[in-house]
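Right, one structure below, let's go through it.
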Amino acid sequence: MKDFKDFMTGWVYTDTVKDHFINPRNLWKKEEDFTPDGFGEVGSLACGDQMRVGITVEDDRIKEIRWLTYGCASAIASTSMMSELVKGMSLEEAYKITPEMITDRLGGLPEHKFHCSVLGDKALRAAIDNYYENKGLENPFKGTVAKVVCECRNVTDQQIEQLVKTGQVRTLEELTEKTGLGTGCGKCKAKALQMLEELKHIYNIT
Amino acid sequence: MQSVYMDNNATTAMAPEVKAALKEADRIFGNASSMHRYGREAAALVSHAREDLAALVGCRPSEVLFTSGATESNNTVFDIARHLITQGKGSRIVTTTIEHPAIIETARYLQSEGIHVDFCPVDSEGRVKIDELEKLVGDDVALVSVMMGNNESGAVQDTSSAVRIAHAHNALFHTDVTQAVGKLPIDFEKEGFDYMSLSGHKFHGPKGVGALIARKGAPLMPFLHGGHQENGLRPGTYNTQAIYGMGIAAKLAKKDLETEAARLWSLREMLRKGIEESIDDVVINGSQEHCLPGTLNVSFPRAEGESILLMLDMAGVAVSTGSACATGSLEPSYVLMATGMDVELAHGSIRFSLGRYNTQEDVRYVLRVLPPIIKKLREMSTR
Ligand SMILES: Cc1ncc(COP(=O)(O)O)c(C=O)c1O
Ligand code: FES
């Protein structure tokens, strides 16, 4: 008889994801006395994903990182992986981390789970922003990366711009259909609509 | 590692009695429509099943139409309504917001074809608001469809009132009893239903087989076109073995319906109390008074459903969740959301559904492995 045990390896996630899910690294334990130099939080419980990141900085490098997340296995594993990845990195490198870099290191995620992996780097950037803010310093990297418009579905301004520019999206409905924007808490809709109108104007699309 | 299957609302294991009967009948391969002995043998299997199924749900054998399952049965009924509406017999369908996708999506499809469908809302316990239904149903309605037991919350609907409302306006009444079969007593004739849908695999029968029960005299048009099987109403060579297997499962379900329902409810209550005692801050979802005996839907604030499901899976326990993350969709369960539930609670919902082969030992095992999982996830949580 055929051995059906394959289903164990056929888990939707890779072994690396599973490992980070079960044994998350750099978790922010409540009993630990960790005072971050920078702190960031993104997402919302309503959207099913929320993430908090704290960092300490030494010589413009990330010395320690701690995180907490409310989310699915993908979200937990990718934050854990992200925390390993950026430890010791210069703030500049760390600021440019992308979800793809994290998922690659995880050995990939199922396509429909990709959107669950995209909060880690945003939370990290928020923490770095906060670090500069606390220091009263100008953030040298700000503006060099895409900004999230819809936190729940992780839709960025660059993504929206691309869709409008190429004529793929004209209305908020189309944008929602293409990206899922606005289908979580809905708080981003007004902002997205405004952006959409501006972009259509810029690219002369009616 | 122990392994505990608590996802019986998704599907059930075939009963050993069913397997044994199928084994016994496995030399029978004839086409049940053939006149020779091979055919007659196969036809006998189908006819046994028709009687056993009819006895379980309180209809006449001649009112049973074998289908590929509840999805097809539901589609057939809505297609009948569409026919009636195009013939000018009524102009509207009324169903509810918590039906299975086999109805919700069919209704949406009909809407896209220009047919007017209204969805009756539910209360915070997941039960269809009968007063709203009363307001929604008028003389222009061709079909009213209200499910009996909800697959996610377990909420049992007041189909007796619903059928009365439908009939008061001369509308036909359909109920999807897929989750209720074998768990609640069903009396098709006494209740006066016009149509009923069910699937074999939800009550320990085979998959890919089910039935549409249609009252004698209720309008019936074939959904598929072809041969003369089931009086031409459901053509296609009989899936003899599966039909026979479903019949055996029906017989089994009827034999100990009451004791089994009571047993499932006591296991469910043992699980509920155990969870409430060992884990703080949990929310039991759906009606407690009107609930399918084996279904327990619980939300664990500050822990996300897919994470809980996967950790339980690693501990050998199979359940399901209403979290968006688990389905790949972006929305959490529409059934739970329809009750007005907070989104976070829906994301953290777990459905335990018990069946014939679950034991107290299974419940004890779940109660052992679940609390540390919730604790671990809550320690990771932002809140
Ligand atoms: C209430 C209800 N209706 C219909 C169905 C569809 O059954 P099947 O997939 O066997 O066609 C299900 C199964 O999930 C169900 O729970
Ligand atoms: S930010 Fe929640 S839906 Fe866009």
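The values are calculated or read from the model by the stated rules, or taken from the named source; none is laboratory data. Everything quoted here is computed from the prediction, not taken from an experiment. We place every Cβ from the backbone using ideal geometry, glycine too, and count neighbours over all the protein chains shown. The protein model used for the area step is the full one, side chains on, heavy atoms only, and it has no ligands, DNA or RNA in it. Shrake-Rupley method; radii C 1.70, N 1.55, O 1.52, S 1.80 Å.
For the stretch B:350-372, which residues satisfy the criterion of being in a helix (DSSP H, G or I), of a type in the set (A, V, I, L, M, F, W, C) and under 26 Å from the mean Cα position of the chain (by Cα)?
Passing the criteria: B:Val363, B:Val366.
Would you say B:Phe203 is assigned by TED's automatic domain parsing to the domain that holds B:Lys183, open to solvent by 20 Å² or more (accessible area, probe 1.4 Å) and among the hydrophobic types (A, V, I, L, M, F, W, C)?
Numbers: assigned by TED's automatic domain parsing to the domain that holds B:Lys183: yes; open to solvent by 20 Å² or more (accessible area, probe 1.4 Å): no; among the hydrophobic types (A, V, I, L, M, F, W, C): yes.
Here the answer is no, as B:Phe203 does not meet what is asked.
Determine whether the stretch B:213-225 contains at least one residue that is within 12 Å of ligand 1 (Cβ to nearest atom) and open to solvent by less than 10 Å² (accessible area, probe 1.4 Å).
From the stretch B:213-225, those within 12 Å of ligand 1 (Cβ to nearest atom) are none; that's our starting set.
No, the stretch B:213-225 has no match at all.
Would you point out which residue out of B:Thr97, B:Thr86 is in the same structural domain as B:His201 (by TED's automatic domain parsing), at pLDDT 95 or above, within 16 Å of ligand 1 (Cβ to nearest atom) and on the phi < 0 side of the Ramachandran plot?
B:Thr97
Residues that are farther than 27 Å from B:Asp52 by Cα and in contact with a strand residue (DSSP E or B) (Cβ under 9 Å, 6 or more places away or on another chain), at least 3 per element: which helices (runs of 4 or more DSSP H) completely within the stretch B:208-314 meet that?
Hits in the stretch B:208-314: B:257-278, B:305-314.
Given the conditions (1) in contact with a Ser or Thr (Cβ under 6 Å, 6 or more places away or on another chain); (2) open to solvent by 10 Å² or more (accessible area, probe 1.4 Å), and given that B:Met196 satisfies all but one, which numbered condition is not satisfied?
It is condition (2) that B:Met196 fails.
So, restricting to helices (runs of 4 or more DSSP H) that lie completely within the stretch A:40-155, which ones have at least 3 residues that are in contact with a helix residue (DSSP H, G or I) (Cβ under 6 Å, 6 or more places away or on another chain) and within 14 Å of another protein chain (Cβ to nearest Cβ)?
Working: elements: A:73-86, A:91-95, A:99-105, A:119-135.
Per the criteria, A:73-86.
Would the stretch B:128-137 turn up any residue that is open to solvent by less than 10 Å² (accessible area, probe 1.4 Å), in a strand (DSSP E or B) and either closer than 30 Å to B:Glu258 by Cα or more than 16 Å from ligand 2 (Cβ to nearest atom) (or both)?
no
Which one is farthest from ligand 1 (Cβ to nearest atom) among residues in the stretch A:179-206 that are in contact with a Leu (Cβ under 6 Å, 6 or more places away or on another chain) and open to solvent by 30 Å² or more (accessible area, probe 1.4 Å)?
Filtering first and then ranking leaves A:Leu193.
Collect the residues in the stretch A:86-123 that are farther than 18 Å from A:Tyr13 by Cα and open to solvent by 30 Å² or more (accessible area, probe 1.4 Å), keeping them in residue-number order.
If the condition is that a residue be farther than 18 Å from A:Tyr13 by Cα and open to solvent by 30 Å² or more (accessible area, probe 1.4 Å), then A:Lys87, A:Gly88, A:Met89, A:Glu92, A:Glu93, A:Lys96, A:Thr98 are the ones that fit.
Here's the yes/no breakdown for (1) closer than 17 Å to B:Ser153 by Cα; (2) more than 12 Å from chain A (Cβ to nearest Cβ):
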{"residue": "B:Gly286", "(1), (2)": "yes, yes"}
{"residue": "B:His290", "(1), (2)": "yes, yes"}
{"residue": "B:Gly294", "(1), (2)": "yes, yes"}
{"residue": "B:Ala303", "(1), (2)": "no, no"}
{"residue": "B:Ser307", "(1), (2)": "no, no"}
{"residue": "B:Leu310", "(1), (2)": "no, no"}
{"residue": "B:Ala315", "(1), (2)": "no, no"}
{"residue": "B:Ser320", "(1), (2)": "yes, yes"}
{"residue": "B:Ser323", "(1), (2)": "yes, no"}
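Test each condition in (1) surrounded by fewer than 16 Cβ atoms within 10 Å (Cβ to Cβ); (2) assigned to a helix (DSSP H, G or I); (3) within 16 Å of ligand 1 (Cβ to nearest atom) for B:Ala10 and report the one that comes out false.
With (1) surrounded by fewer than 16 Cβ atoms within 10 Å (Cβ to Cβ); (2) assigned to a helix (DSSP H, G or I); (3) within 16 Å of ligand 1 (Cβ to nearest atom) applied to B:Ala10, the lone miss is (2).
Which residue pairs have Cβ atoms under 9 Å apart, sit 6 or more places apart or on different chains, and have a first residue in the stretch A:124-145 that is farther than 12 Å from A:Ile97 by Cα and a second that is of a type in the set (A, V, I, L, M, F, W, C) and open to solvent by 30 Å² or more (accessible area, probe 1.4 Å)?
As it stands, the answer is A:Ala126/A:Phe39; A:Ala127/A:Phe39; A:Asn130/A:Phe39; A:Tyr131/A:Phe39; A:Tyr131/A:Leu137; A:Asn134/A:Phe39, since those pairs meet every condition given.
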